[in-house]
Amino acid sequence: MTQKTLLIGQTLAFTGDPFHDGIETARHDARGGILIENGMITATGTADDLRRAHPEAQITDYGNSLILPGFIDAHAHYPQTAMIASWGKRLIDWLNRYTFPEEMKFGDPVYASAIAKTYFDLTLANGTTTTTSFTTIHPASVDAYFAEAKSRGLRAIAGKTCMDRNAPADLTDTAQSAYDDSKALVGKWHGQDRLIYAITPRFSPTSTREQLAALGALWAEHPDCLMQTHLSEQTEEIAWVRDLFPEARDYLDTYEAAGLIGPGALFGHAIHLTDRERARLKESGASLVHCPTSNTFIGSGLFDMDGLMAEGQTIGLATDTGGGSSFSMLRTMASAYEVAQLRGRALHPAELLWLATTGSARALRLDTKIGHLSPGYEADLVVLDLASTPAIAQRAARADTLWEAVFPTIMMGDDRAIRDVRIMGQSMTK
Ligand code: GUN
Ligand code: ZN
């Protein structure tokens with residue numbers, strides 16, 4: 001007989017999308033249960049009902065802590081772990097001054113493995129159970145990331161970052177080598193255990209048309225892979241793209257011309273979009289990834305969450321470490337709240353939590369596997385202590401509703417709020 005584990009605590013499950021279906025779509029159970037067998041969620045309900053129905057289950061009672069699907073980071077750069085929070089630059093200078101010198105170090109597999117280990121230590125400590133990462137041009141950087149994720153049993157996404165111009169010579173590949181290396185890495189890692197390959201042109205300024213087209217061709221050969229890149233993050237970047245691609249209708253068109261658009265395409269940032277780009281993104285089934293701590297840190301701009309959601313875009317949430325200034329998806333939700341406030345819209349805690357779990361899962365085309373507290377889903381979970389610091393505890397003690405109780409943790413919480421993290425049902429904190 002398989003071992004059954006019953007987790008008890010407050011639970012929050014989404015039966016729909018709170019942006020479109022309303023906040024009532026969030027189902028809160030003050031004394032809920034999650035039954036886990038063989039790494040999968042097999043039942044949810046009240047703690048009492050599940051205890052009665054499964055008396056043989058081994059019980060972990062988290063008391064008042066809140067059990068959620070693990071956080072899903074839809075865009076990050078694990079090689080930027082060691083240079084996060086570097087001072088004083090905007091995107092292009094920041095890449096040249098801080099990012100490229102650090103990424104050059106990843107030709108050394110020993111260094112790449114050490115940073116991958118640190119990265120997953122930090123993301124797990126922050127309750128993030130799935131990460132979607134850029135790497136560097138070095139295949140060894142992809143191997144280091146996937147090997148570390150595999151050893152921890154994680155569902156993780158990444159791909160070799162391809163650049164064949166406008167970067168230091170030691171950090172460039174070619175159209176052909178980007179195609180060949182990426183293809184070999186797809187064969188080596190995609191679909192192995194819980195790993196997914198994302199074909200990864202860094203962004204149009206660092207790829208020639210030939211490289212973008214080669215990666216478009218590779219994606220056409222492997223349509224079940226994801227494709228990730230950057231789009232319309234800063235105004236100077238957009239002007240640069242206009243100079244480099246005078247024939248393109250707009251920034252998105254540089255990807256479109258290469259076949260790099262469609263379901264499974266992940267466009268990081270997507271702040272300064274034209275009407276045509278918005279219409280085309282929606283029509284193509286691509287996903288947009290909001291990176292709020294990065295957008296404020298590098299000074300990029302204010303993502304139009306409300307307008308983009310209203311027009312039916314698919315949107316995920318992400319840290320964008322190390323352009324983003326935090327490994328924490330709690331801090332990222334707080335930043336998304338602040339950015340939306342600056343545009344005149346207060347995101348509800350249900351919307352923020354949904355974005356960091358189900359929303360990101362949907363953006364990654366993984367919402368039949370992760371991001372839901374429902375039977376049939378992989379048991380990747382985070383358990384939040386809603387009173388993890390004196391400041392949060394005194395505020396939460398005065399809360400009348402779950403939303404009032406959880407919002408102080410969203411706004412002020414960090415890794416101290418992570419009481420437990422479970423990967424396929426197994427606790428990572430023991
Ligand atoms: N655009 C191209 N590369 C990067 C990167 O590494 N970080 C961010 N934030 N934007 C980018
Ligand atoms: Zn990025």
* Structure fact -> For Lys369, the lysines lying under 18 Å Cα to Cα, once residues fewer than eight places off in the same chain are dropped, come out as Lys150
* Structure fact -> Long-range amide H partners of Leu288, meaning residues 5 or more apart or on another chain whose placed amide H is closer than 5 Å, are Phe267, Thr314, Ile315, Gly316
* What base-10 log of the normalised intensity I(q)/I(0) is obtained for the range 1-65 from the Debye formula, alpha carbons as equal point scatterers, at q = 0.14, 0.19, 0.25 Å⁻¹? -> -0.43, -0.71, -1.00
* For the chain, go through all pairs of different Cα atoms, get the mean of 1/r, take its inverse, and jot down that Kirkwood value in Å. => 21.7 Å
* Asked: What ³J(HN,Hα) values, in whole Hz, does the Karplus curve 6.51 cos²θ - 1.76 cosθ + 1.60 give for the range 412-420 when θ = phi - 60°, with x put for Gly and Pro?
  -> 10, x, 8, 5, 5, 7, 8, 6, 7
* Exposure rule at most 13 other beta-carbon atoms within 10 Å, DSSP loop GluC sites (Glu not before Pro): the chain longest free segment -> 57-246
* Asked: Rounded if a/c is under 1.5, else prolate if a/b beats b/c, else oblate: with a ≥ b ≥ c from the C-alpha gyration tensor eigenvalues square-rooted, which is the range 216-296?
  -> oblate
* Please work out the Cα center distance from the range 56-110 to the range 357-384, rounded to the nearest Å. => 19 Å
* What order do you get for Arg280, Arg398 when you list them from fewest to most C-beta neighbours inside 10 Å? -> Arg398, Arg280
* To do: Please arrange Asp420, Asp243, Asp367 by counting, for each residue, the other beta carbons lying within 10 Å of its beta carbon, fewest first.
  => Asp243, Asp367, Asp420
* **the range 70-112: Cα Rg divided by the 2.2 N^0.38 Å rule of thumb** => 1.31
* Asked: What 222 nm value per residue comes from the helices of the chain, counting each DSSP H run with n ≥ 4 as -39,500 (n - 2.57) and dividing by all residues, nearest 500 deg cm²/dmol?
  -> -10000 deg cm²/dmol
* Structure fact -> Simple spin-label estimate for Glu24/Ala346, 7 Å along Cα→Cβ, in nm, reads 2.1 nm
* To do: With a point put 7 Å past each Cα toward its Cβ, work out how far Glu210 is from Asp243 in nm, to one decimal.
  => 2.2 nm
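With r defined as the distance between the Cβ atoms of Thr401 and Lys150 and R0 fixed at 35 Å, what FRET efficiency is calculated, to the nearest 0.05? Don't skip to the answer; put the middle values down first.
Working: r = 41 Å, r/R0 = 1.17.
That gives a FRET efficiency of 0.30.
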* Cα convex hull volume per residue for the range 256-371 (Å³) -> 107 Å³
* On average, how much area does the Cα convex hull of the range 323-430 cover when viewed from any direction, in nm²? -> 8.2 nm²
* Asked: Of Leu355, Leu12, Leu50, which has the largest mean-square fluctuation in a 10 Å C-alpha GNM of the chain?
  -> Leu50
* **Amide H partners (placed H, <5 Å) of Leu273, local residues excluded** => none
* **Arg90 versus Ala391: modelled label distance in nm, points set 7 Å from Cα along the beta carbon direction** => 3.1 nm
* Structure fact -> Restricting to aspartates and glutamates and to Cα separations under 15 Å from Lys183, and discarding same-chain partners fewer than 8 apart, the set is Asp143, Asp173, Glu221, Asp224
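Quick check on the chain: of the DSSP beta bridges with both residues there, what percent are antiparallel, nearest 5%? Write down the numbers at each step before the final one.
Details: 27 of 63 bridges.
In the chain, DSSP labels about 45 percent of beta bridges as antiparallel.
What FRET efficiency comes out for Asp17 versus Ala217 if R0 is 30 angstrom and r is the Cβ-Cβ distance? Round to the nearest 0.05.
On the way: r = 34 Å, r/R0 = 1.14.
In this case the efficiency is close to 0.30.
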* Asked: Roughly how large, in nm² to one decimal, is the mean projection of the convex hull of the alpha-carbon atoms in the range 384-430?
  -> 3.6 nm²
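When the convex hull of the C-alpha atoms of the range 126-237 is computed, what volume per residue in Å³ does it have?
Numbers: hull volume 12.8 nm³, N = 112.
Here the figure is 114 Å³ per residue.
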* Asked: Across 5 Å bins from the origin, how do the percents of Cα pairs in the range 38-140 run, short distances first?
  -> 2, 9, 16, 16, 13, 11, 7, 7, 7, 6, 4, 2, 0
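Laboratory data are not the source of any read-out in this text; all were calculated from the coordinates shown. Small disclaimer: the values here were computed from a predicted structure and weren't measured. Cβ coordinates were reconstructed from backbone atoms using ideal geometry, including for glycine residues, and neighbour counts include every protein chain displayed.
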